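The values are calculated or read from the model by the stated rules, or taken from the named source; none is laboratory data. Computed from a predicted model, the values in this text were never measured in an experiment. As a convention, Cβ positions derive from the backbone with ideal geometry for all residues, glycine included, and neighbour counts pool all protein chains shown.
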Amino acid sequence: MGATTFNLADLFEAAVDEWPDREYIVDERERRTYAELDRRANRLAHHLRAQGIGPGDHVGIYALNRVEWVEALWAIFKIRAVWININYRYVEDELAYLFDNADLKYLVVEPEYVERARSVAPDLPMLVIGADYEAALAANSEARDFEPRSDDDLYILFTGGTTGMPKGVVWRHADVVMALGGGIDVFTGNKMDSPTGFVEKGRNGFPLVSYPLPPLMHGASQWSVMGQSFLGNKVVLRAKFDPADVWRTIGAEKANLIMITGDAMARPLLEEYEKAKDSYDISSLFAVSSSAVLFSQTCKDQFIDHFPNLVVTDAVGSSEGGANGITQVSKGGSVEAGLRVKGARDSTVLDDDLRPTPPGVMGRLARTGNIPLRYHKDPEKTAATFVTGPDGTRYVIPGDFAVMNDDGTITLIGRGSVCINSGGEKIFPEEVENALKGHPEVFDAVVVGVPDERWGERVAAVVQPRVGTTPTLESIQEHCRLHVAGYKVPRQLTLVDTMVRSPAGKSDYRWAKQIAVDDARS
């Protein structure tokens, strides 16, 4: 029959009723059908309700990818509470900030993180995954006897981004389903007009096996899991990313689609495959999708070289703006032009007066329609990001610079918060990084601006070389001049043994800038 609202828990339960015996979630230890996981989520929901958790209360999930992560998310939504994603890479100071800012009332926690959680929130009630968790489920009913839910129930996604402390993006269920959950088809722009559309779409397709590689603490993986759930598909989870294990798991579970986060996963995956390709069965795999961070043309070309029949896509989106566009990758794309995507429904480019830019003129990427309500407890950032144009249209502007093209596609230029200003010229690190990663001796790279007496800032490259190589500044410059304008070519090179990334897995521009500045002073 299907759901009657676009509430996330309603959409999941509709899938359970349609495909109860289909395998749903698989991790290293457990396998659950739709009906099995639903019953366990009901038990957990009753336990949470007995602890005083109710509509609107915030419950943290602090764990690695595992079946219980998914059970907890559905249990929390079933009682109209709000689950909060906890980044397991956070140290105590970051964790203390998040626990406080998120107004947590309860925590579902992995055993290895209990001590850290209790050190920053000793009085917070917690349920530890393992024996205590199983006892709590056993003591409660599996009945699905919860109050009616609403399109207006809340979902909050905490996002770390490239700078600053995490921010909680507050969405209505009905809006986030459209922006991130597949309610609006990112390829066609078609908008689902009824909640029953998900089950109908699942009936008309064939069951897929999806394997999102990033941690569930990130929005990209959350929506990969939830979006596949509504269609009756199977989802494979692994606690941590290991390239060899990924290729083995694809063969063992017959995965059809893997979801990665750009070069951070693509490069080690490709290196492992090149070493042992004959030992892996990838006959089931037909699609690779990347989102969230830079997916360089070099890595895209390598994927296509190895898997010429694979559909490789690169998506643009954000926690605040939802899906802004997607492109199907082809070999030999330009590293200079930026990422050109088919603009998603309701995506546009605005000037400083919040008016649409003419084709070819750079502005800020924006989205209207189904967008978030606000940032949690941050009216200043809310006012800066969620704005109303001169015609009364409400937009979200996450901070990316872009150009609208004549054909309606959008070219993403780069993130404004890390833009380099050198002699008045704007230089977007992503463009230079994309060029750098095509250098044969560069394994990973981050580009930052460092102080310069003449130009204000100069372009500095922080590079992790490939094993056994030592790239020089001259060779880096010679390579980059083939792909980017002269003023964008790095003027400084700092080599590092290991590239540090932010707790969100993105390029850590603060760390890279400090490394480059220290190197310039030495």
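For this structure, a couple of remarks:
- All positions within the stretch 257-285 that are over 20 Å from Glu28 (Cβ atoms) and under 21 Å from the mean Cα position of the chain (by Cα): Thr261, Gly262, Asp263, Ala264, Ala266, Arg267, Leu270
- Test: residue in the stretch 207-223 that is over 21 Å from the mean Cα position of the chain (by Cα) and of a type outside the set (Gly, Ala, Ser): yes
- Any chance Thr470 is of a type in the set (Val, Ile, Thr), in the same structural domain as Ile397 (by TED's automatic domain parsing) and out of contact with any Cys (no Cβ under 9 Å at 6 or more places or on another chain): no
- Checking each residue in the stretch 355-379 for being part of a strand (DSSP E or B) and closer than 26 Å to Phe6 by Cβ picks out Leu365, Ala366, Arg367, Arg374, Tyr375.
- Check on Ile53, within 19 Å of Met126 (Cβ to Cβ), part of a loop (DSSP other than H, G, I, E, B) and among the hydrophobic types (A, V, I, L, M, F, W, C): yes
- Annotation note: of Glu430, Glu474, Glu457, the sole residue that is outside any strand (DSSP E or B), among the acidic types (Asp, Glu) and without any contact (Cβ under 8 Å) to a residue 60 or more places away in the chain is Glu474.
- Taken across the stretch 58-76, residues that are in a loop (DSSP other than H, G, I, E, B), in contact (Cβ under 8 Å) with a residue 24 or more places away in the chain, under 16 Å from Gln222 (Cβ atoms) and polar (S, T, N, Q) do occur, with at least one present.
- The set of residues in the stretch 263-294 that are in contact (Cβ under 8 Å) with a residue 40 or more places away in the chain and either at positive phi or aromatic (Phe, Trp, Tyr) (or both) contains only Ala292.
- Every pair of residues 6+ apart whose Cβ atoms lie under 8 Å, when the first sits in the stretch 320-332 and is polar (S, T, N, Q) while the second is at pLDDT 90 or above and not in a strand (DSSP E or B): Ser330/Ile304
- For the stretch 238-254, a tally of residues being in contact with a helix residue (DSSP H, G or I) (Cβ under 7 Å, 6 or more places away or on another chain) and either assigned by TED's automatic domain parsing to the domain that holds Gln302 or surrounded by 17 or more Cβ atoms within 10 Å (Cβ to Cβ) (or both) returns 5.
- Taken as a whole, the stretch 193-202 holds no residue that is surrounded by 22 or more Cβ atoms within 10 Å (Cβ to Cβ) and within 15 Å of the chain's Cα centre (by Cα).
- Against the numbered list (1) surrounded by fewer than 20 Cβ atoms within 10 Å (Cβ to Cβ); (2) modelled with pLDDT of 95 or more; (3) among the charged types (D, E, K, R), Asp185 comes up short only at (2).
- Residue match in the stretch 298-318 (condition: assigned to a helix (DSSP H, G or I), touching a residue at least 60 places away in the same chain (Cβ under 8 Å) and either loosely packed, with under 15 Cβ neighbours inside 10 Å or more than 17 Å from the chain's Cα centre (by Cα) (or both)): yes
- Scanning the stretch 112-127 for residues that are surrounded by fewer than 16 Cβ atoms within 10 Å (Cβ to Cβ) and part of a helix (DSSP H, G or I) yields Glu112, Glu115, Arg118, Ser119.
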